[in-house]
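All remarks here apply to the structure that follows.
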Amino acid sequence: MAKAEKILEGLGGFDNIVEIEPCITRLRVVVVDPSQVQDAVLKAAGTFGVVRSGSAIQVVVGPEADTLAEDIEDLR
Amino acid sequence: MTLVITAPVTGRVVALADVPDPVFAQAVVGPGIAIEPDDDATVATAPVAGSIVKIHPHAVVIGAAGDRGVLTHLGINTVQMSGEGFTVHAADGDTVASGQKLIDWDPQAVRASGRSAIVPIVAMQAEEASLTMLAQAGDHVTAGQPLMEWADPA
């Protein structure tokens with residue numbers, strides 16, 4: 001759960017998240033304000049990397065993407 | 001032990017950097033290679049022997065010997081197709097043989113939906129130098145044919 005909390009923090013919290021969708025090894029996230037996404041925090045959470053395209057943020061986490069997406073939703 | 005990764009689909013080899021998806025092209029998941037499947041390449045097989053870490057209709061991660069994960073992804077943005085047109089023949093935790101049929105799909109249907117049907121095969125979190133390519137961009141490969149070797153991380 002600590003990892004999910006870290007990722008949530010790195011994404012700027014629930015207020016900044018429009019949608020999270022897991023896809024095998026990545027979390028596809030749509031955010032309100034991309035400037036609130038902190039790559040360093042996401043990296044420190046143990047993720048492989050972050051790829052940005054405007055408000056679409058992809059956080060590569062490995063095969064636990066489904067579980068992590070659920071863990072993040074459970075924090076709501 | 002060197003792990004031989006075989007082609008999961010029949011088609012033409014493409015460099016991973018040329019896959020139309022930044023996460024794959026920038027090797028964020030890991031280094032690897034891709035195959036642009038033939039129209040009739042409707043069977044996706046296991047690229048390595050191991051146990052299935054995670055299987056989705058459009059993608060599968062297999063954990064092979066030496067804690068090496070190999071990702072096969074059928075098409076780009078195909079998660080949005082919600083499994084339609086894909087038939088899965090294995091489940092999480094299953095032990096599979098290299099070359100075993102895992103998923104039936106239709107590359108032509110993926111292309112018709114406006115998406116790329118390209119199949120990235122990724123050595124997850126591998127050191128680039130630990131991979132040896134056994135096929136080059138432009139080669140035509142048949143499912144089951146050796147594609148690359150992944151040296152033991154030892």
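The values are calculated or read from the model by the stated rules, or taken from the named source; none is laboratory data. For clarity, every value in this text was computed on a predicted model and none was experimentally measured. A quick note on method: Cβ atoms are made from the backbone with ideal geometry, for glycine too, and the neighbour counts reach across all protein chains shown. Accessible surface areas use protein heavy atoms only, side chains included; no ligands, DNA or RNA. Shrake-Rupley method; radii C 1.70, N 1.55, O 1.52, S 1.80 Å.
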Bridge type composition, the stretch B:8-154 - antiparallel percent by DSSP, nearest 5: 100 percent
Surface accessible to a 1.4 Å probe, residue A:14 within the full protein complex, Å²: 50 Å²
Around residue B:140: net Lys/Arg minus Asp/Glu count, Cβ-Cβ under 11 Å: -2
The stretch A:2-74, relative contact order in percent, only Cα pairs under 8 angstrom and at least six apart counted: 35 percent
Net +/- balance of residues flanking residue B:60 in space, Cβ distance below 14 Å, scoring K and R +1, D and E -1: -2
Euclidean distance between Cα centres, the stretch A:12-28 to the stretch B:14-40, Å: 23 Å
Bins of 5 Å from zero: percent of alpha-carbon pairs in the stretch B:55-119: 4, 18, 28, 23, 14, 9, 3, 1
In order through the stretch B:58-64: 3J(HN,Hα) via Karplus (6.51 cos²θ - 1.76 cosθ + 1.60), integer Hz, x for Gly, Pro: 10, 6, 8, 10, 10, x, 9
Shielding of B:52-65 by partner chains, average beta-carbon count, 10 Å: 3
Mean Cβ count within 10 Å, highest first, over the residues of peptides B:122-133, B:84-95: B:122-133, B:84-95
Residue A:21-residue B:111 FRET efficiency (beta carbon distance; Förster radius 25 Å; 0.05 resolution): 0.65
Largest-first principal axis extents of the Cα set of the protein assembly as shown (Å): 48, 44, 31
Shape call, the stretch B:33-143: gyration tensor on alpha carbons, a/c limit 1.5: oblate
Chain A - convex hull of the alpha-carbon atoms, volume per residue in Å³: 68 Å³
Placed amide H near residue B:103: partners under 5 Å, 5+ positions off or other chain: B:44, B:89
Average beta carbon contacts from partner chains per residue of B:26-35, 10 Å cutoff: 3
Amide H partners (placed H, <5 Å) of residue B:145, local residues excluded: B:7
Average beta carbon contacts from partner chains per residue of A:22-31, 10 Å cutoff: 5
